[in-house]
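Colleague: Structure in structure tokens, see below.
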Amino acid sequence: MALRLADGTAWPEILARAVRAAPEAFDLDRPDGTVTLRNLMTGAWQSAGTPTPVRTPVDNTVLVNLARVDADAARAAVGFAAGQHRDWADVPLAARKARVGDALDELSRHRDLLALLLVWEIGKPWRLACADVDRALDGVRWYVEEIDRMLADGREPLAGPVSNIASWNYPMSVLVHAELVQLLAGNAVIAKTPSQGGAVCLTVAHALMRRAGLPATLLSGGGEELSEVLVRAPEIGAVAFVGGRSNGGKVAAALLDTDKRHMIEQEGLNAWGIWNFSRWESLAAHLKKGFEYGKQRCTAYPRFVVQRDLVDQFLDTYLPVVRSVRFGHPLAVDEDRPEGDPLPELDFGPLISAAKADELRRKVEEAVRGGAVPLYRGRLDGAPFLAGQDTSAYVAPSVLLAPPGRSRLMHAEPFGPVDTIVVVDTTDELLAAMNASNGALVASLACDDEEEAAKLAVDLQAFKVGINRPRSRGDRAEPFGGRGASWKGAFVGGDLLVQAVTVSSSAPRLYGNFPDYNSYPAT
């Protein structure tokens, strides 16, 4: 079947729409004709920084240049943001709500553009890209309605702006959502553009936020170079980090000798345990949904821990599901497709980069050489790709039984469409295998006896545990955090997000994982 790009989705068309939406944020005057993203700092869009090409994982072509600033430019930006913070903290709450509402209206008007940018920049299929934008906008509107109650006990903004360093996988529903809530609470915000993806979407979003009068700063640059400023600068009131344990550990170490407020979300190996279970049809639907976005999210379930007597029934359910997963170019359609038909319905597109895809393939090969049994290894053949397209960032699903203890897949999440299955004989073994990564964000148990499952759940090192259903970050009032090494600092979500970025002399201590105490809300 011959395929082509869907009408109106070619990158030059999408980039032109982005430039029309926010011309102030793009540098179009480069001698070579390339487009470079500007940085939003010291109150305006600046052309400062070293242009670096940004490639899309969809087909490995160059999208734009990212202007990476150095530490000196970041220090100047942080200093200016501190002044913005003092002014913004004095703005009455009603006026803050009105400005955030104006920003939401503009973001909603450009919703489809923001989603198409995410398709090209990070490879999300259209439905999932729309969901990322919609969750951000709907979530913040809920906070606009609830913020008066959340601040009614006299909570005040922090002493300085909130520095946001987030991963590339959810630019809108994690990063922009958090910033807008932080702004509602009276804080100026600083965000670092993820180096691997989402830069154009975030640039357009921040241009619309800036036009609404919100004190936001958006910087691009290397993590090693900017971290010292964005984490340790004395003007910073709080640090919000979302990413892996290696970089998260560095951020946490940099904060050890400070009393700076922080929310550090790190990865963990989220596991789904199968014990004394028979409702396989209901599990199948959860398994299929779990492959969304190629499991490139912090609450994906890449580990299944299965009671030995149930392995055959589990595989009868699981293997047809994994074989049915659909992936490929997120904008490739049948050449004869009528104009206006929906975009492809895929479970995932590419991984975030060819380098990440290569790394994941090496992990699978390493585990198999070490003794893991390959139950399923998918192929790219037959997936919907354009003729001659670069497919280096695409990885088909794989399933490994019994990964060896020394393999990287045994104790860390793969952040890609690779599942591992561990077989156990006792509940003690079940719990040990599910707790393999020293803390996780979520976990689930499939068990016919929900009372038995609840007793087992007490010993799982996960912030949220689902009984016969998955758990996720959650929206609106739902809290979010992690146990063990998966989280450091204050928890977020619902009221906790506002409490994490405000202070009150009369309020009880925060929920979270801190050096001197751990405190968990009901989840």
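The values are calculated or read from the model by the stated rules, or taken from the named source; none is laboratory data. It should be emphasised that the depicted structure is a prediction, and the values quoted were computed from it without experimental measurement. Methodologically, a virtual Cβ is constructed for each residue, glycine included, from the backbone with ideal geometry; neighbour enumeration extends over all protein chains shown. We work out accessible area using only protein heavy atoms, side chains counted, and drop any ligands, DNA or RNA first. Shrake-Rupley method; radii C 1.70, N 1.55, O 1.52, S 1.80 Å.
Colleague: Using per-residue counts of other Cβ atoms within 10 Å, averaged over each peptide, order 111-123, 148-160, 213-225 from highest down.
Modeller: 111-123, 213-225, 148-160
Colleague: Between residue 50 and residue 225, what is the spin-label point distance in nm, taking each point 7 Å from the Cα along the Cα→C-beta axis?
Modeller: 0.5
Colleague: Past the 19 Å Cα-Cα mark, which pairs from 363/464; 124/289; 97/124; 289/363; 260/488?
Modeller: Long pairs (Cα-Cα over 19 Å): 363/464; 97/124; 289/363.
Colleague: Quick one: ranking 329, 177 by accessible area, 1.4 Å probe, largest first, what do you get?
Modeller: 177, 329
Colleague: Semi-axes of the equivalent ellipsoid of segment 31-140: what are they in whole Å, largest first, if each equals the square root of 5 times a C-alpha gyration tensor eigenvalue?
Modeller: Equivalent ellipsoid semi-axes, largest first: 28, 25, 10 Å.
Colleague: How big is segment 7-61 by the Kirkwood estimate over distinct Cα pairs, in Å?
Modeller: 12.6
Colleague: Also, quick follow-up: Between beta-carbons, use under 13 Å as the cut-off and find the net charge around residue 264, counting Lys and Arg +1, Asp and Glu -1.
Modeller: Result for the local shell: +3.
Colleague: How much of the pair distance distribution for segment 417-469 lies past 18 Å, counting alpha-carbon pairs only, in percent?
Modeller: Here the tail beyond 18 Å accounts for 29 percent of pairs.
Colleague: To continue, here is another question. Please report, in whole Å, how far the alpha carbons of segment 148-301 spread along each principal axis, starting with the longest.
Modeller: Its Cα atoms span 55, 38, 34 Å along the three principal axes.
Colleague: Which whole-number percentage describes the relative contact order of the chain, with Cα contacts under 8 Å and a sequence gap of 6 or more?
Modeller: Result for the chain is 17 percent.
Colleague: What accessible surface, in Å², does a 1.4 Å probe find on residue 68, ignoring ligands, DNA and RNA and rounding to the nearest 10?
Modeller: Residue 68 has an accessible surface of roughly 80 Å² with all protein chains in place.
Colleague: So, how do all the Cα-to-Cα distances of segment 234-359 break down into 5 Å bins, in percent, from 0 on up?
Modeller: Final binned percentages: 2, 8, 13, 14, 13, 12, 12, 10, 7, 5, 2, 1, 0.
Colleague: Ok, one more. Take the Cα atoms of segment 303-458, find their three principal axes, and give me the spread along each one in whole Å, biggest first.
Modeller: Principal extents (Cα only, largest first): 55, 34, 28 Å.
Colleague: Sorted by average packing, counted as other Cβ atoms within 10 angstrom per residue and highest first, what order do 350-358, 246-254 take?
Modeller: Ranked from most to least packed, the peptides come out as 350-358, 246-254.
Colleague: Could you check how much of the accessible area of the chain is carbon and sulfur, as a whole percent, using a 1.4 Å probe?
Modeller: The nonpolar share, carbon plus sulfur, comes to 49 percent.
Colleague: Along its principal axes, what span do the Cα atoms of segment 61-122 show, with the longest given first and each in whole Å?
Modeller: 45, 35, 12
Colleague: At q = 0.21, 0.27, 0.28, 0.33 Å⁻¹, work out log10 I(q)/I(0) for segment 132-180 with the Debye formula, treating every Cα as an identical point scatterer and leaving solvent out; two decimals please.
Modeller: -0.84, -1.01, -1.03, -1.11
Colleague: Still on this structure: Enumerate the residues in segment 405-448 having an amide nitrogen under 17 Å from the point lying 7 Å beyond the Cα of residue 469 toward its Cβ.
Modeller: 442-448, by backbone N distance to the label point.
Colleague: When the Kirkwood radius is taken over all Cα pairs of segment 343-408, what Stokes-Einstein diffusion coefficient follows at 10 °C and 1.306 mPa s, in µm²/s?
Modeller: Translational diffusion coefficient: 120 µm²/s.
Colleague: What's the local net charge at residue 142, with K and R +1, D and E -1, over the other residues with C-beta under 14 Å away?
Modeller: With Lys, Arg at +1 and Asp, Glu at -1, the net is -3.
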